Every structure is written in C-alpha cells, then in structure tokens.
Amino acid sequence: MDCKGDHVLSRERIDTIVRHYGRDILKHEHMEIERRSLQHGDVTTYEHSLRVAALSVWIADRLRLWNCVDLRALVRAALLHDYFLYDWHDDDGGSHRLHGFRHPYTAEANARADFELDDVVLNSIRTHMFPLTPVPPRYLEGVIVNVADTVSAVQETIASRLRRVRRTRAARKHEQVGERCRR
C-alpha cells in the first residue's frame, strides 16, 4: 500500500490504510469485547483503538516519516495497544485499580495469543503507557502510538466531560423554565 507522495493523506485514505493493515484484527471475535467495553468517558475501547490507529498514521504522514516507519506494524500496534479484553470500570474486587500500569502487559499477552506479531508491534504495545510504565518504546512506531494514545485519551476524556456538563446545564435550565411556568 503506497503512502509516499508529496501530498498529505485524506481522512478516507487513512481509514483505508487502517482497515487494510488491521483487517484480521478488526474482524477477530475478541474485538466484540472491545466494542462493549468503555475506555474514556463514553468512548469504547474499540472506538479508541481505531482513533489511535488513524491518528498514528496521520502523525507519520504529517511528519513525513514514511521512510522511517513500518506502516503495517504501526497500524497493528495502535489497534492492539489496549487489547486487554475487559472493561476496567467493572468492579472486580480491586485488581483493576492499577489498570494504567498493568494493562500494557495484559494487552501484549492477549495480542501474542491471538495474532502473529513482530517485536516492533509487541514492544509498541508493551511500552505505550510510557512514562507510566518504566521502559520507553524501542521503535519509532511505539513513540508514535504513545503520542497518539495520549492525545486521543485526553480528547476523549475532555469531550465526554463537556457533554456531561452540557447535559446537566440543559437539564437545570429546563427545570428553571418549568418552575417559572408553574408560578
């Protein structure tokens, strides 16, 4: 899949690249767990992983890193970086308390079990939470996934909280109007 050129990739082209290199991952039965599990706010782990993959390709494109990255490995690492296969919001007696520190290792183990992956992908999954996890990414693909994940997580969390604030304000305003009408 050729990405090298003088023009920047469109959103549609980026989505095509993600679906091309991640086809088997996106179709895997375990992705149903990601579709049902919330990640940040009201965003599912599946949606988050797709966003991280698309943003990773976008970053590589905008920084013109096509000669420096393995695009297939980049997409696959991004799609599998949160492949921990549980909803960390569920009450489980406390083992999810350290989710932020532990989930990269769980995601890597699950990815190893379900897919044949190279060291670039595995290292990128394992180190995507740096500096929360102590070892930095060894490969540029891992650095890109780390940045894309952080940007996506912040955006998703803030957007979710803003939606909640707007709903609360709208409900209060509706209550105030109702009280004025009853007077």
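The values are calculated or read from the model by the stated rules, or taken from the named source; none is laboratory data. Source: prediction; values computed, not measured. Note: ideal-geometry Cβ built from the backbone for every residue, glycine included; neighbour counts use all protein chains shown. For the accessible areas, the whole protein counts, side chains as well, though only heavy atoms, and no ligand, DNA or RNA atoms are used. Shrake-Rupley method; radii C 1.70, N 1.55, O 1.52, S 1.80 Å.
For ASP24, only one of the following conditions fails: (1) of a type outside the set (Ser, Thr, Tyr); (2) open to solvent by 40 Å² or more (accessible area, probe 1.4 Å); (3) at pLDDT below 95. What is its number?
Exception for ASP24: condition (3).
Looking only at region 62-83, count how many residues are surrounded by 24 or more Cβ atoms within 10 Å (Cβ to Cβ) and either in contact with an Asp or Glu (Cβ under 7 Å, 6 or more places away or on another chain) or at pLDDT below 80 (or both).
First, the residues of region 62-83 that are surrounded by 24 or more Cβ atoms within 10 Å (Cβ to Cβ): 74-83.
So of that shortlist, the ones also either in contact with an Asp or Glu (Cβ under 7 Å, 6 or more places away or on another chain) or at pLDDT below 80 (or both) come out as 74, 77, 81.
Result for region 62-83: 3.
Among ARG97, ARG180, ARG164, which is the only one that is at pLDDT below 80, in a helix (DSSP H, G or I), farther than 23 Å from SER37 by Cα and basic (Lys, Arg)? Please lay out each step first, then the result.
Numbers: ARG97 fails: farther than 23 Å from SER37 by Cα; ARG164 fails: farther than 23 Å from SER37 by Cα.
Answer to the check: ARG180.
Restricting the search to region 1-21, which residues are among the β-branched types (Val, Ile, Thr), modelled with pLDDT of 95 or more and open to solvent by 50 Å² or more (accessible area, probe 1.4 Å)? Show your work before the answer.
Of all residues in region 1-21, those among the β-branched types (Val, Ile, Thr) come to 8, 14, 16-18.
If we keep only those that are modelled with pLDDT of 95 or more too, we end up with 14, 16-18.
Residue satisfying the conditions is THR16 alone.
Return yes or no: is ARG126 at pLDDT below 90, over 16 Å from SER152 (Cβ atoms) and among the basic types (Lys, Arg)?
The answer is no for ARG126.
For region 116-154, how many residues meet the condition of being open to solvent by less than 40 Å² (accessible area, probe 1.4 Å) and either free of Cβ contacts under 8 Å to residues at least 12 places away in the same chain or part of a loop (DSSP other than H, G, I, E, B) (or both)?
Our first condition is that a residue be open to solvent by less than 40 Å² (accessible area, probe 1.4 Å); within region 116-154, this holds for 117, 120-125, 127-128, 133, 137, 141-142, 144-146, 148-149, 152-153.
Of the ones still in play, those that are also either free of Cβ contacts under 8 Å to residues at least 12 places away in the same chain or part of a loop (DSSP other than H, G, I, E, B) (or both) are 117, 127-128, 133, 137.
Qualifying residue count for the region: 5.
Quick check on region 15-31: of everything there that is part of a helix (DSSP H, G or I) and within 15 Å of the chain's Cα centre (by Cα), which residue is farthest from PHE84 (Cα to Cα)? Quick ask: steps written out before the conclusion?
Step one: of region 15-31, the residues part of a helix (DSSP H, G or I) are 15-21, 23-27, 31.
This time we only want the ones that are within 15 Å of the chain's Cα centre (by Cα), so: 15, 18-19, 25-26, 31.
Values: ASP15: 23, VAL18: 20, ARG19: 21, ILE25: 14, LEU26: 15, MET31: 10 Å.
Only one residue fits best here, namely ASP15.
Just checking, which of ALA159, ALA153, ALA171, ALA148 is modelled with pLDDT of 95 or more and among the small types (Gly, Ala, Ser)?
On the way: ALA159 fails: modelled with pLDDT of 95 or more; ALA153 fails: modelled with pLDDT of 95 or more; ALA171 fails: modelled with pLDDT of 95 or more.
Exactly one of ALA159, ALA153, ALA171, ALA148 is modelled with pLDDT of 95 or more and among the small types (Gly, Ala, Ser), namely ALA148.
Could you identify the single residue in ILE59, ILE33 that is touching a helix residue (DSSP H, G or I) at 6+ places or on another chain (Cβ under 6 Å) and surrounded by 12 or more Cβ atoms within 10 Å (Cβ to Cβ)? Give the steps one after another, and end with the answer.
Values: ILE33 fails: touching a helix residue (DSSP H, G or I) at 6+ places or on another chain (Cβ under 6 Å).
ILE59 is the lone residue from the list that is touching a helix residue (DSSP H, G or I) at 6+ places or on another chain (Cβ under 6 Å) and surrounded by 12 or more Cβ atoms within 10 Å (Cβ to Cβ).
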